[in-house]
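Comments concern the structure below.
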Amino acid sequence: MKSGDVKSPPAPPADRPDGRRERWRTHREERRREFVDAAIAAIRAVGPHISLDDVCRQAKVTKPVLYRHFRDKDDLHRAVLEQVATEILIPRITGELARVHGDDRDLLRAAIGAYVALVREERDLYRYAMAHNDLGEGGDFVGSVEAAIAGAVGILVATRQDEPTDDAETVAYAIVGMVQLATNRWLDRPTMSEEAFVATLTDLAWVGLSPRVAAGPD
């Protein structure tokens, strides 16, 4: 080696993903999913006021095992709310709306009918979600479902009447609020058939909505 020549140190090996760490992360996600599925099954079997014992019985595990995958019971509740909203309720409502090929009133009836049918069929999940809706950190179940319906109605108003977005949202959420409160009451006291109930809500909502869409652009 000539004087002044200095060998560079060997380059450090390129970072490689830790396969074990990735497998463990995937395993934990799968286990969390299993426990959330068990909680949803427990709600459907027992009712909206389930306990952690009910979830553990459904999942066939002990509480210490459950707590390895959730910080606390609120963390479990938030995970359940997110899955119920994103995988059960919102897809059902948006799917019903996507199949509508009628006029504006048909779209409105479909949105109301989908919400009412879903709440009736998944009554315990709905009541569970309402009871735990104030958890925060992504647990705003009611807000996400309201947004799914209001979004469809708001777009209808905005495109037909070329209304500003804030005005369209005001109209949409006014309709959603009416439907939600009336449906809560109807679940407790079903004084008319579901078909008649949806028709009544559609008539009432259309009174407020029709002036804003009837004169829209052709």
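Here are a few things to note about the model shown:
- So ALA150, is it of a type in the set (A, V, I, L, M, F, W, C), surrounded by fewer than 18 Cβ atoms within 10 Å (Cβ to Cβ), at pLDDT 75 or above and assigned by TED's automatic domain parsing to the domain that holds ARG105: no
- Wholly within segment 1-101, helices (runs of 4 or more DSSP H) carrying at least 1 residues that are among the acidic types (Asp, Glu) and at pLDDT below 90: 19-46, 73-83, 90-98
- Residue match in segment 114-126 (condition: farther than 23 Å from GLU29 by Cβ, among the basic types (Lys, Arg) and modelled with pLDDT of 90 or more): yes
- Among the residues of segment 109-126, those identified as charged (D, E, K, R) and farther than 17 Å from LEU76 by Cβ are ARG109, ARG120, GLU121, GLU122, ARG123.
- Hey, ALA214 over 24 Å from GLU82 (Cα atoms), loosely packed, with under 13 Cβ neighbours inside 10 Å and at pLDDT below 90 or not: yes
The values are calculated or read from the model by the stated rules, or taken from the named source; none is laboratory data. The shown structure was predicted, so the numbers you read here are calculated from the model rather than taken from an experiment. When we count neighbours, we look across all protein chains shown, and the Cβ atoms used for this are built from the backbone with ideal geometry, even at glycine.
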